[in-house]
Amino acid sequence: MMRCFLCLGSNVGRREDHIARALSLLNDRGLKIIRSSRLYETKPVEVNDEQENYLNMVVEGSFGGGAFDLLDICREVERSLGRTRPYRHAPRTMDIDILLIEGIEIMDEHLTVPHPLMEERAFVLYPLAEIAPDLILPSGRTASDVKNGMKDDEIVMILDR
């Protein structure tokens, strides 16, 4: 079993329902969720059009397959929840990013692990530091140290669920 961290996000429709359904579908497909953060409402970043705010969360999981098996499951869950990819950074019912897989580094056209931008995004680091503050990131710093050094201007509110 490999330890992994995923970021889930939704900014279309019933966002909280999409995330709850995604967690259930991931579990049904073999991802055992160990810990999950609260939901963070965040402003869209790197977008060129008007979009609704996202709900984001990070989960720590355990998975018995390989990295590309996990990617396939994440994409399958996204599709089953209505995700389309009409253009880069389009609004989405569900987005699932693989942030880290313990002991694995991959640089492929379809998958890069660790996620190359995770240490630059508050919508990733705030929930990640909530569930794994001492996790060592690619920079060699802990998740909480990286989070504490960044602005929280992407974060609108934190929802208890």
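The values are calculated or read from the model by the stated rules, or taken from the named source; none is laboratory data. Treat the numbers as computed from the prediction; the structure is a model and nothing was measured. With ideal geometry, Cβ positions are generated from the backbone for all residues, glycine too; neighbour counts draw on all protein chains shown. Protein only, heavy atoms only, side chains kept; ligands, DNA and RNA dropped before computing areas. Shrake-Rupley method; radii C 1.70, N 1.55, O 1.52, S 1.80 Å.
If you take the residues of the stretch 26-58 that are under 17 Å from F5 (Cα atoms), in a loop (DSSP other than H, G, I, E, B) and not basic (K, R), which of them is most open to solvent (accessible area, probe 1.4 Å)?
Result: G30.
Just the residues that are of a type in the set (S, T, Y), at pLDDT 90 or above and not in a helix (DSSP H, G or I), please, taken from the stretch 74-113.
The initial filter retains those residues of the stretch 74-113 that are of a type in the set (S, T, Y), namely 80, 84, 87, 93, 112.
Those still in the list that are at pLDDT 90 or above too: 80, 93, 112.
Those that are of a type in the set (S, T, Y), at pLDDT 90 or above and not in a helix (DSSP H, G or I): T93, T112.
Does the stretch 103-161 hold any residues that are surrounded by 16 or more Cβ atoms within 10 Å (Cβ to Cβ) and basic (K, R), and which are they?
R121, K147
Restricting to the stretch 67-87, and then to whatever is free of Cβ contacts under 8 Å to residues at least 40 places away in the same chain and farther than 23 Å from E16 by Cα, can you tell me which residue is farthest from the chain's Cα centre (by Cα)?
Y87
Regarding G61, is this residue crowded, with 21+ Cβ neighbours inside 10 Å, closer than 27 Å to D160 by Cβ, without any contact (Cβ under 8 Å) to a residue 60 or more places away in the chain and touching a Lys or Arg at 6+ places or on another chain (Cβ under 8 Å)? Full working, then the answer.
Numbers: crowded, with 21+ Cβ neighbours inside 10 Å: yes; closer than 27 Å to D160 by Cβ: yes; without any contact (Cβ under 8 Å) to a residue 60 or more places away in the chain: yes; touching a Lys or Arg at 6+ places or on another chain (Cβ under 8 Å): yes.
It is true that G61 is crowded, with 21+ Cβ neighbours inside 10 Å, closer than 27 Å to D160 by Cβ, without any contact (Cβ under 8 Å) to a residue 60 or more places away in the chain and touching a Lys or Arg at 6+ places or on another chain (Cβ under 8 Å).
Considering only residues that are small (G, A, S) and either open to solvent by 30 Å² or more (accessible area, probe 1.4 Å) or not in a helix (DSSP H, G or I) (or both), which ones fall in the stretch 64-73? Show your work before the answer.
Here is the first cut: in the stretch 64-73, the residues small (G, A, S) are 64-67.
Selection gives G64, G65, G66.
Among (1) within 15 Å of the chain's Cα centre (by Cα); (2) more than 15 Å from M94 (Cβ to Cβ), which single condition is A22 missing?
(2)
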